[in-house]
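S.K.: Take a look at the following structure, please.
The values are calculated or read from the model by the stated rules, or taken from the named source; none is laboratory data. None of these values were measured; they are calculated from a predicted model. Cβ placement follows ideal geometry from the backbone for every residue including glycine, while neighbour counts extend to all protein chains displayed. When the accessible area is computed, the model is the full protein with side chains, heavy atoms only, and any ligands, DNA or RNA have been set aside. Shrake-Rupley method; radii C 1.70, N 1.55, O 1.52, S 1.80 Å.
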Amino acid sequence: MFSVFRKIKQGTEIQISRNVISQEYHGLQHSDLSAGSLRVIEILQKAGFQAYLVGGGIRDLLLEKHPKDFDVATNARPNEIQSLFRKARIIGRRFQIVHVRMGPEIIEVTTFRGSSENSHHRQANESGMLVRDNVFGSVEDDAIRRDFTMNALYYDPTTHEVLDFVGGYDDLEDNIIRVIGDPETRYREDPVRMLRAVRFVGKLGMSLADETKEPIKRLASLLRDVSSSRLFDEVLKLLQAGNGYNTFPHLLQFELLRSMFPQAHTIFQANNDSSDHRLILKALQNTDFRLSEGKTVTPAFLYAAMHWPQVQLRWLELEREGNERSNSLAIAASETLEFNQQFVAIPKRFSTTIREIWDLQIKLEKRHGRRPDSTLEHPRFRAGYDFLLLRESAGEIPVGLGQWWTEYQIADETERRELITSVQGEEHGAMPKRRPRKRAGPKPNVY
Ligand code: ATP
Ligand code: MG
């Protein structure tokens, strides 16, 4: 290993070193890398460009974890990249990237980003957030534009060397997540970096460097400036990618939940172990468990749980005002979804399912005649039933109805008729109405 130091200006002074970590030290093997990304790099390098593997793939391999994907960074421009590959597509919102198809893989190839501060290609709004970001640069420039030091390691498959310009290799070895440059400036440029910091704590079990941690709570409300659709994507990565249960307490601790799920934030602020707390935590646990078993998960289930306390509160209010029970639920569902859309977008395909899961909570109560059979045929029966079990295990409603449905599903026709007879007359008492609860905190300005 050797280092050459130089300093450059970028708002604040950032120290750029150049550490070269050889294979005998880092130990990365090509058999662990994706064949497609190696081929993309080979083609770019043969055409005379610099090209490296970078980002989460290299980070995860160095941590001996299974990488999700490998990204390629190069000094070739998007149109130059495209011309080298038969199946390549330029995509990109804030910054153009190229998707190259290599056999079954799609490799994301990005041109090195630049850092020239005064360029008209790079614009920030009043709170410092970058709204336009189209400057190309050198590999060093590219490194300091990345978020955390551990995410700015470049692997050259030809020399087998890892290049480190920002001390990321040492930080990885020390289990430290550190923002590159001045944390406050970098969070202001892109508040999603605060979510990413917390996500990596939950996912990788690493710690935030003090200066990386300090501004987060202070700046958490900047997330309100991030588009609700981008937040939807980020929430999936935070809570639907296998580590939601570990990540959630950090979202609370740094008050990052407030800008995304204000009602859930209020519930957890109250800090009393309520059934609402337990419902959300159990939903996160279920999701992580299903993913660890290789099963599928739908975001609808988690959103149904996150917003359920708010739905219930409003549902009860509407019923008290004299509205019919299922109408009240439908109105409460619409209002809750509409209110929360302004924070984290919920695409239509999921909001329909969320409503169905909630609606099934009433359908599952009805156990006379042919009703159970038609409920069983409902395309979302499984999610609705799982949600009912979740409510029971959280202590929101008494245990019983869930077990009845568990038995009903596996029963033959005669047993089903017996099960129905056994609960005759109980129907409307199956789900006792909740007593009015003491409100956990100030009611958000919802309706
Ligand atoms: P994961 O394993 O979850 O995919 P990742 O670090 O690879 O984690 P990506 O979203 O795939 O995350 O991003 C790839 C790389 O792009 C990151 O490693 C980082 O270098 C850079 N990057 C991503 N998002 C940002 C951001 N908001 N600001 C600066 N750099 C970013
Ligand atoms: Mg990645």
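S.K.: Please verify whether the range 232-253 includes one or more residues that are within 20 Å of F301 (Cβ to Cβ) and basic (K, R). Spell out the reasoning first.
M.R.: Residues of the range 232-253 that are within 20 Å of F301 (Cβ to Cβ), as a first pass: 232-248, 251.
With basic (K, R) added as a condition, the list becomes 237.
Checking the range 232-253: at least one residue is within 20 Å of F301 (Cβ to Cβ) and basic (K, R).
S.K.: Further question: Only one of these conditions is not met by R178: (1) touching an Asp or Glu at 6+ places or on another chain (Cβ under 7 Å); (2) free of Cβ contacts under 8 Å to residues at least 24 places away in the same chain. Which number is it?
M.R.: (2)
S.K.: Would you mention how many residues in the range 292-312 are part of a helix (DSSP H, G or I) and open to solvent by 40 Å² or more (accessible area, probe 1.4 Å)? Let's see the steps before the verdict.
M.R.: Within the range 292-312, the subset part of a helix (DSSP H, G or I) is 292, 299-312.
When the remaining residues are screened for being open to solvent by 40 Å² or more (accessible area, probe 1.4 Å), the result is 292.
Within the range 292-312, residues that are part of a helix (DSSP H, G or I) and open to solvent by 40 Å² or more (accessible area, probe 1.4 Å) number 1.
S.K.: Still on this structure, I have one more. Go through (1) modelled with pLDDT of 95 or more; (2) aliphatic (A, V, I, L, M); (3) under 19 Å from I346 (Cα atoms) and name the single condition A264 misses.
M.R.: (1)
S.K.: E338 versus (1) crowded, with 19+ Cβ neighbours inside 10 Å; (2) without any contact (Cβ under 8 Å) to a residue 60 or more places away in the chain; (3) within 30 Å of V226 (Cβ to Cβ): which is the lone unmet condition?
M.R.: Unmet for E338, out of (1) crowded, with 19+ Cβ neighbours inside 10 Å; (2) without any contact (Cβ under 8 Å) to a residue 60 or more places away in the chain; (3) within 30 Å of V226 (Cβ to Cβ): (1).
S.K.: What number of residues in the range 44-69 are farther than 22 Å from G202 by Cβ, open to solvent by 20 Å² or more (accessible area, probe 1.4 Å) and within 16 Å of ligand 2 (Cβ to nearest atom)? Talk me through it step by step, then tell me what you get.
M.R.: Residues of the range 44-69 farther than 22 Å from G202 by Cβ: 44-54.
When the remaining residues are screened for being open to solvent by 20 Å² or more (accessible area, probe 1.4 Å), the result is 45-50, 52.
Cutting the leftovers down to within 16 Å of ligand 2 (Cβ to nearest atom) gives us 52.
Final tally of qualifying residues: 1.
S.K.: Given the condition within 13 Å of ligand 1 (Cβ to nearest atom) and either modelled with pLDDT under 95 or more than 19 Å from the chain's Cα centre (by Cα) (or both), answer yes or no: does some residue in the range 223-235 qualify?
M.R.: Taking every residue of the range 223-235 in turn, none turns out to be within 13 Å of ligand 1 (Cβ to nearest atom) and either modelled with pLDDT under 95 or more than 19 Å from the chain's Cα centre (by Cα) (or both).
S.K.: Out of everything in the range 341-371 that is farther than 16 Å from H307 by Cβ and not in a loop (DSSP other than H, G, I, E, B), what residue ends up being most open to solvent (accessible area, probe 1.4 Å)?
M.R.: So the first thing to find is which residues in the range 341-371 are farther than 16 Å from H307 by Cβ, and the list is 349, 362-371.
Add one more test, that the residue is not in a loop (DSSP other than H, G, I, E, B), and what stays is 349, 362-363, 371.
On the way: R349: 155, I362: 12, K363: 68, R371: 94 Å².
So, considering only residues that are farther than 16 Å from H307 by Cβ and not in a loop (DSSP other than H, G, I, E, B), the one most open to solvent (accessible area, probe 1.4 Å) is R349.
S.K.: Evaluate the range 207-219: report whether one residue or more is modelled with pLDDT of 95 or more, open to solvent by 50 Å² or more (accessible area, probe 1.4 Å), within 25 Å of D60 (Cα to Cα) and outside any helix (DSSP H, G or I).
M.R.: yes
S.K.: Looking only at helices (runs of 4 or more DSSP H) that lie completely in the range 224-291, which have at least 1 residues being β-branched (V, I, T), open to solvent by 10 Å² or more (accessible area, probe 1.4 Å) and more than 25 Å from E335 (Cβ to Cβ)?
M.R.: Working: elements: 228-239, 244-253, 262-269.
Where helices (runs of 4 or more DSSP H) fall fully within the range 224-291, none carries at least 1 residues being β-branched (V, I, T), open to solvent by 10 Å² or more (accessible area, probe 1.4 Å) and more than 25 Å from E335 (Cβ to Cβ).
S.K.: Kindly provide the set of residues from the range 51-79 that are away from ligand 1 (no atom under 11 Å from the Cβ), without any contact (Cβ under 8 Å) to a residue 24 or more places away in the chain and not polar (S, T, N, Q), ordered by number.
M.R.: E64
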